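Have a look at the structure below, then the notes.
The values are calculated or read from the model by the stated rules, or taken from the named source; none is laboratory data. Just so it is clear, the structure is predicted and the values come from calculations on it, not from any experiment. Don't worry about glycine lacking a Cβ; one is built from the backbone with ideal geometry, like all the others, and counts go over all protein chains shown.
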Amino acid sequence: MEYVLLRHREIPNLKKLDVYREHGGYEGLKKALSMTQAEVIDLIKASNLRGRGGAGFGTGIKWSFIPKNAPDTYVLINTDESETGTFKDRELIENNPHQVIEGALIAAYAIGSRLVFNYMRGEFMDAAYAFEEALQECRAAGIIGQNILGSDYSVDFYTHYGAGAYICGEETALIESLAGNLGQPWSKPPFPAIEGLYSKPTVVNNTETLANVPMIMVNGPDWFKAMGTPQSPGPKIVCISGHVEKPGNYEVTMGMTYRELLAMAGGMRGGKKFKALLPSGGSGPIVVEDALDAPLTYEGLTPFDSVMGSASLIFMDEDTDMVWATLKVIHFFRHESCGKCTPCREGTFWLERVVERVYYGRGTEADIKLLESITSGMKGKCLCALGEFATSPIVSSIKHFLPEYKAKVAAGMNGKVTRAAAAAVR
Amino acid sequence: MLREKYADEIDALLARFPQKKSAVLHLMHLAQNEYGYMSDEAMKEVAEILDLDPTHVMSLAGFYSLYYEEPVGKYVLEVCNDLACALRGADKFVEMASRKLDIPVDGTTNDGLFTLKTVMCLGACDRAPMLQCNLKFYENLDETKFDNMIADLRARAAEGDADPSVVERIFSYIK
């Protein structure tokens, strides 16, 4: 296939500036600099490029919210990739950093920003070396700095490192963290486009989203819309992990079915039968066999009460204990809850406690009802999406796998959970 | 003192930000690299450079998982045992590592060389089991690779491990 994003798989050393330029690199930026800011925004709007971090908001629309001629504005790249099962931005930054830089520079030009930060999680250090070296090449070549590429536009660009907090992938938490505060979200409004970093208008875009921008500039919106579906155009990197033969990143055009994606990853490992899929890391509700023929689009899983999200597919085979899997996921959300709002802080704590006691054979039938009651106390009541996400593995696993919960309760202390297994979950 | 030892890097770092408070996570990474963990003195030093209240730096040290509030071993082995890694054997890997190092999770070996931890997703789910050791990733691990890694780290420690740390390398880009 013709790669749009993971082009480094076909082009060796794409992370070097000269190689990137030999393959059309920074032509998109050049074209943008020859246009007005409004024309650039309109072009991206026309492509219907939607955010690849999971929310799917229109990228051009997001840029258009920035007040015109605001004196200080910022572009922040969200490379705080920390969702269980997600590892696409890391591959991009490590191997194709210039495409992300170019996309961010086009965004910065479009909104008139003089400063770009890439907020990268503090654990992605191999990616960090590649990105820092790419930035250095750009400074030396006049692509970043004063009057870039001979234009009258100047911009600075730096990397910022997080320090281990999933919540900083939420845009307002990311802004707080970059400002030197605890990475805790705020209740919108104000929206970052009006009051973001240092209370100035700010655009936060996902890494993969920005990597799409340069080629849209060069090839035009129609080229982009020819891929995928009308509502979900363009390429998408799908992260496939779990019980499959060939886990990894796969670049596809949206509209493929989940069953086709599973086949792409070599099918279930060891010829086992498919049991369940987490379609968006820990955040998207679990789906089962009937959803596999749905298309990978922003709306494709709506009939199955789930979402495409960031397209991080965790496949589980017939031997998977779904109460155990649910416990793993809720443990993650409890650990990563920032503690600012009560429904999420208390809710994730109790969800983990109750799932844990069911798993270890100390639960009762009433605990299953209790789980549903806790989730309804959280849904729609948390400050940000994390609290909402935390309820989805619980609600969806009870929906699809209630007999497994009941069996754990019925087995009671005679369940086959060993002390070693208990230690492993903790 | 960090301010003297890394004068150029810190000046360059502070010049990046419209508000210098933004440099706090960077400086905490640097302080931990220097002192091994976020000791009270390390946090006070960071606070002083940025004119912050030391309690603010302490609250950040508690919030972000990469900062250690207690002393740790020279090499911190952080194994991801989140769902995606656990489906590919991460929990068994943790048990094996714990047995081989003869320490529980969160424990440190008597010689002070290794601390074993479990952590949330590190973004390498397709290469599980995996761990990060002082921010370097080791992927697609098994028992043999783990043994070799430990032997290699022991040998390096015995020679005084002069390799620049990940944080030092990152700061070299800032200067």
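Miscellaneous remarks
- The sole residue among A:E336, A:E352, A:E372 that is among the acidic types (D, E) and away from chain B (no Cβ under 14 Å) is A:E372.
This table checks each residue for (1) free of Cβ contacts under 8 Å to residues at least 12 places away in the same chain; (2) in contact with a Lys or Arg (Cβ under 8 Å, 6 or more places away or on another chain); (3) polar (S, T, N, Q).
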| position | (1), (2), (3) |
| --- | --- |
| A:M254 | no, yes, no |
| A:K273 | no, no, no |
| A:S280 | no, no, yes |
| A:L296 | no, yes, no |
| A:W324 | no, no, no |
| A:F332 | no, no, no |
| A:S337 | no, yes, yes |
| A:C344 | no, no, no |
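To keep it simple, each residue is scored yes or no on (1) at positive phi; (2) exposed (fewer than 14 other Cβ atoms within 10 Å of the Cβ); (3) touching a strand residue (DSSP E or B) at 6+ places or on another chain (Cβ under 8 Å); (4) not assigned by TED's automatic domain parsing to the domain that holds B:A12.
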{"residue": "B:R88", "(1), (2), (3), (4)": "no, no, yes, yes"}
{"residue": "B:L131", "(1), (2), (3), (4)": "no, no, yes, yes"}
{"residue": "B:K145", "(1), (2), (3), (4)": "no, yes, yes, yes"}
{"residue": "B:I174", "(1), (2), (3), (4)": "no, no, no, yes"}
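- Among the criteria (1) loosely packed, with under 15 Cβ neighbours inside 10 Å; (2) assigned to a loop (DSSP other than H, G, I, E, B), the one B:L66 does not fulfil is (1).
- Selection count where residues are touching a helix residue (DSSP H, G or I) at 6+ places or on another chain (Cβ under 9 Å) and within 11 Å of chain A (Cβ to nearest Cβ), scope the stretch B:64-95: 21
- Being over 25 Å from B:K145 (Cβ atoms) and in a helix (DSSP H, G or I) is a description that does not apply to B:A84.
- Criterion violated by A:T297 - all others in (1) of a type in the set (V, I, T); (2) touching a Pro at 6+ places or on another chain (Cβ under 9 Å); (3) over 25 Å from A:P185 (Cα atoms) satisfied: (2)
- Where helices (runs of 4 or more DSSP H) fall wholly inside the stretch A:80-199, the ranges with 1 or more residues that are within 12 Å of chain B (Cβ to nearest Cβ) are A:88-95, A:125-140, A:171-178.
- Those residues of the stretch A:39-79 which are charged (D, E, K, R) and assigned to a helix (DSSP H, G or I), in sequence order: A:E39, A:D42, A:K45, A:K62
- Residue within the stretch B:142-165 that is touching a Pro at 6+ places or on another chain (Cβ under 8 Å) and within 24 Å of A:L313 (Cβ to Cβ) present: no
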